[in-house]
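Peer 1: Questions regarding the structure given below will be posed in turn.
Derivation of every value follows stated rules applied to the coordinates shown; laboratory data play no part. No experiment lies behind these values; they were computed from the predicted model shown. As a convention, Cβ positions derive from the backbone with ideal geometry for all residues, glycine included, and neighbour counts pool all protein chains shown.
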Amino acid sequence: MGSFSSSLGNLFPLVFLLVLLSGMSCEAQLSTSFYNKTCPGALTEIRNAVRRAVSAERRMAASLIRLHFHDCFVQGCDGSILLDESPSIRSEKTAIPNNNSARGYNVIEDAKRTLERICPSVVSCADILTVAARDASVAVGGPTWEVKLGRKDSTTANRDRANSDLPSPFADANTLIAAFDVKGLNTRDMIALSGSHTLGQAQCFLFRSRIYSNGTDIDPGFASTRRRKCLQTGGDTTLAPLDLVTPNSFDNNYYKNLVQRKGLLISDQVLFTSPSTNSIVIEYSKSPAAFAADFASAMKKMSEIEPLLAPNGIVRKTCGAIN
Ligand code: HEM
């Protein structure tokens, strides 16, 4: 008995080491200097592509920020949203939240084309989209943040997950909190990220029920203005700005609108109505600096959801297809 326990004692350091090693993986890590040696021009080229696109159409900044969000919420930020339909891919592009709605694919493909010329098969589409979202924020007066790089591109897409994991514009606050919580983003992150709706547009059929609700949570003047271009029937795809004051620049007007009951989507206004989120909306409505700082850190956090790292994944040659 004595010799049995003493041999166990001798084995302990070895067993401990084996347990430790089995828990470690040989996965690479995200890092800010990932392309410094392999593609030093990558960040400049992405920024140029975003600047070109945003100066041609300011809304494109909004579209790129949203595209990145819709990528990251489905199997992590792995460029899965960029894959086209093919015999082996059920594209996320036609999932309900993305179909005839997500935009900006061409901007990412343009940047990719340039990068394939200067450093072929090095920079992933997932990283291009992550950097583009940051540069889009900067291009319209929003905050900047340091982006960690080294994501690989997926060889798969998941339309069902796009349908189930992307939040609905008809959701209540607790449902929104839960949808972000499962991705590792807390309530404050969710409210700061929703502040992206300081930019961009939404289609009539996604906010019609709210503007015709005659509810107490909508400003009557705002509702009647929106009804003029979003009739009770027809014109489903007619656009309205998510931030009625400054839809093309990044600021905290989105939260000021919510306080005045002038949020466009149900999922916007509930952030003010619900006691679990109301105080943070008020805080951001008063402090553009607090909003900008929290937005930057939440975007960073979102961009690191379930990263796909070498040896897993690939670097696609074009973002719409696997090599
Ligand atoms: C909280 C849950 C959210 C819901 C329910 C939601 C829903 C929506 C909907 C329905 C639209 C309009 C789409 C259309 O009309 O085709 C939209 C637009 C937009 N969303 Fe969200 N969103 C949410 C969070 C976010 C987050 C986290 C971001 C980015 C970090 C974001 C960025 C945007 C942007 C920038 C637009 C305008 C896009 C454009 O004009 O092309 N949204 N969102």
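Peer 1: Modelling each spin label as a point 7 Å along the Cα-to-Cβ direction, I'd like the Asp236/Gln201 distance in nm, to one decimal.
Peer 2: Rounded to a tenth, the inter-label distance reads 1.8 nm.
Peer 1: Length gain on complete extension for the stretch Ala171 to Ser276, per 0.36 nm per residue less the alpha carbon to alpha carbon distance?
Peer 2: Value of the extension gain: 36.4 nm.
Peer 1: Which of the lysines could be linked to Lys256 by a straight reach, that is with a Cα gap under 19 Å, when you skip same-chain ones fewer than 8 residues away?
Peer 2: Output for Lys256: Lys286.
Peer 1: Here's something else I'd like to know. How large is ³J(HN,Hα), in whole Hz, for each residue of segment 78-84 in order, when computed from phi with the Karplus curve 6.51 cos²θ - 1.76 cosθ + 1.60 and θ = phi - 60°, using x for Gly and Pro?
Peer 2: With the stated coefficients, segment 78-84 comes to 10, x, 5, 5, 7, 6, 7 Hz.
Peer 1: Give me the one-decimal nm value for the distance between modelled label points at Glu85 and Asp181, 7 Å along each residue's Cα-to-Cβ direction.
Peer 2: 3.7 nm
Peer 1: Starting at the first residue of segment 183-199, write each ³J(HN,Hα) from the Karplus equation 6.51 cos²θ - 1.76 cosθ + 1.60 with θ = phi - 60°, in whole Hz, x for Gly and Pro.
Peer 2: 9, x, 10, 7, 4, 5, 4, 4, 5, 5, 5, 4, x, 4, 6, 6, 10
Peer 1: Which lysines have a Cα lying under 26 Å from the Cα of Lys112, excluding residues fewer than 8 positions away in the same chain?
Peer 2: Lys37, Lys93, Lys148, Lys152, Lys300, Lys301, Lys317
Peer 1: Let me ask you something else. Quick check: from the Cα gyration tensor, does the chain come out rounded (a/c under 1.5), prolate or oblate?
Peer 2: Details: a/c = 2.07, a/b = 1.51, b/c = 1.37.
Prolate.
Peer 1: Okay, next question. Taking only Cα atoms and a 10 Å spring cutoff, compute GNM fluctuations for the chain and point out the largest among Asp84, Asp268, Asp236.
Peer 2: Comparing Asp84, Asp268, Asp236 in a Gaussian network model of the chain, the most mobile one is Asp236.
Peer 1: Output wanted: per-residue J couplings in Hz (rounded whole) for segment 244-249, from phi through Karplus 6.51 cos²θ - 1.76 cosθ + 1.60, θ = phi - 60°, x for Gly and Pro.
Peer 2: Whole-Hz 3J(HN,Hα) from phi for segment 244-249: 5, 8, 9, x, 10, 9.
Peer 1: May I ask you to derive the FRET efficiency for Ser31 and Thr216 from their Cβ-Cβ distance with R0 = 56 Å, giving the value to the nearest 0.05?
Peer 2: Efficiency at R0 = 56 Å is approximately 0.65.
Peer 1: Taking amide H positions as placed 1.01 Å from N in the peptide plane, with prolines and chain starts having none, which residues 5 or more places from Gln201, or on another chain, fall under 5 Å of its amide H?
Peer 2: Leu242
Peer 1: Return the FRET efficiency for the residue pair Ser224, Thr38: r is the Cβ-Cβ distance, R0 is 51 Å, and the value is rounded to the nearest 0.05.
Peer 2: Values: r = 56 Å, r/R0 = 1.10.
That gives a FRET efficiency of 0.35.
Peer 1: Report relative contact order for segment 42-165 in percent, whole number only (criteria: Cα-Cα under 8 Å, sequence separation at least 6).
Peer 2: On the way: 180 pairs, mean separation 48.0, N = 124.
Value for segment 42-165: 39 percent.
Peer 1: Between Arg113 and Thr156, 0.36 nm times their residue separation minus their Cα-Cα distance comes to what?
Peer 2: Gain on extension, Arg113 to Thr156, equals 13.4 nm.
Peer 1: Sorted by average packing, counted as other Cβ atoms within 10 angstrom per residue and highest first, what order do 59-71, 94-106 take?
Peer 2: Listed from highest to lowest mean packing, they are 59-71, 94-106.
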